[in-house]
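The block underneath contains the structure these notes are about, expressed in structure tokens.
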Amino acid sequence: MDQQRSIGSATSFPARVRYRAGAAGEARRVVHIAMSTVEGDWSALCGVRLPAADAERISDLLGMPCMACTRVLAARSQVTIGLDPPVVLEAG
């Protein structure tokens, strides 16, 4: 299980992040989909902001996912981009 703590550098892609052991109760240690901020904290899709000192980045599919982050991610994946509108044929 390769887990690493966040180091404060901003990433341009989402990462799986949760509170490290001891920083929060087990019920709050869900895995968020988050982007690192310029300050080094993590901003999750669900709106939670995890301080860099209290967060760890998850490299494997470990832990219980944040359901709010999952809903936001699922809603975004349903958007179709760049598809031509369907052709409508009229009788006659």
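Here are the numbers for the structure shown:
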{"read-out": "Condition met for ALA53 (part of a helix (DSSP H, G or I), out of contact with any His (no Cβ under 8 Å at 6 or more places or on another chain), open to solvent by 50 Å² or more (accessible area, probe 1.4 Å) and modelled with pLDDT under 90)", "value": "no"}
{"read-out": "Filter result for CYS66 (at pLDDT 85 or above, touching a His at 6+ places or on another chain (Cβ under 6 Å) and not β-branched (Val, Ile, Thr))", "value": "yes"}
{"read-out": "Residue in the stretch 23-30 that is in a helix (DSSP H, G or I), open to solvent by 40 Å² or more (accessible area, probe 1.4 Å) and at pLDDT 90 or above present", "value": "no"}
{"read-out": "The stretch 56-68, subset of a type in the set (A, V, I, L, M, F, W, C) and over 10 Å from VAL17 (Cβ atoms), residue surrounded by the most Cβ atoms within 10 Å (Cβ to Cβ)", "value": "ALA68"}
{"read-out": "Of all residues in the stretch 38-50 being open to solvent by 20 Å² or more (accessible area, probe 1.4 Å) and not charged (D, E, K, R), the one that is nearest to ALA68 (Cα to Cα)", "value": "CYS46"}
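The values are calculated or read from the model by the stated rules, or taken from the named source; none is laboratory data. Every value quoted in this text rests on a predicted model; they were computed, and no experiment measured them. Counting neighbours? That spans all protein chains shown, and the Cβs are built from the backbone with ideal geometry, glycine included. Note: areas computed on protein heavy atoms with side chains; ligands, DNA, RNA excluded. Shrake-Rupley method; radii C 1.70, N 1.55, O 1.52, S 1.80 Å.
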